[in-house]
Structure formats: C-alpha cells, structure tokens
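Note sheet for the following structure.
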Amino acid sequence: MTLPSTTRWRKSSYSNGMGGECVEVASFRGEISVRDSKAAPGPWITVATSTWECFVGAIREEKPTRRATE
C-alpha cells in the first residue's frame with residue numbers, strides 16, 4: 001500500500017523531541033498506519049481502525065508505568 005504524499009502523520013503526545021522512542025500515526029481510507037518517528041521515510045504498518053482502537057484501549061486499561069528493557 002502506498003500512502004499519498006499529503007498524508008498527515010501525527011506524532012505521539014509522549015514525544016519529547018529528544019530522540020526518544022516515538023511513533024507517528026496517520027489515518028487513510030478507514031485504516032491506521034503507524035511508523036517510527038525517527039525513521040519517517042522507512043516502513044510502516046497498517047491496521048484496521050477497529051484493530052487500532054482495540055490496541056489503544058488495551059494500553060489505556062493497563063496504564064503501563066515503565067518501559068520494557070532490551
């Protein structure tokens with residue numbers, strides 16, 4: 001799938017501009033695309049809007065308090 005050049009990506013509200021781990025999301029034709037904000041021209045994944053809403057809802061319920069470590 002190719003997104004139009006006019007696609008409006010929104011950066012995570014948790015982005016601090018310090019090069020942290022952030023994602024950007026865009027909505028196009030009823031689907032949600034997600035990409036790494038540090039690799040904007042790189043690949044992205046696209047999921048159905050209902051799948052994205054389920055994912056975000058699950059995260060909100062869990063309310064994570066720390067990041068996973070590598």
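All of the numbers you see were taken from the coordinates with simple rules; none came from a lab. The model shown is predicted, which means the values in this text are computed figures rather than measured ones. So basically every Cβ, Gly included, is an ideal-geometry build from the backbone, and we count neighbours across all protein chains shown.
Spin-label model, A40/S12: points 7 Å from Cα along the beta carbon direction are separated by 1.7 nm.
Work out the length of the dipole vector of the stretch 22-62 about its Cα centre, built from +1 on the beta-carbon of each Lys and Arg and -1 on the beta-carbon of each Asp and Glu, and round it to the nearest 20 debye. Working shown, then result.
Details: 4 positive and 6 negative charges, 35 e Å.
Using Cβ point charges on Lys, Arg, Asp and Glu, the stretch 22-62 gives about 160 debye.
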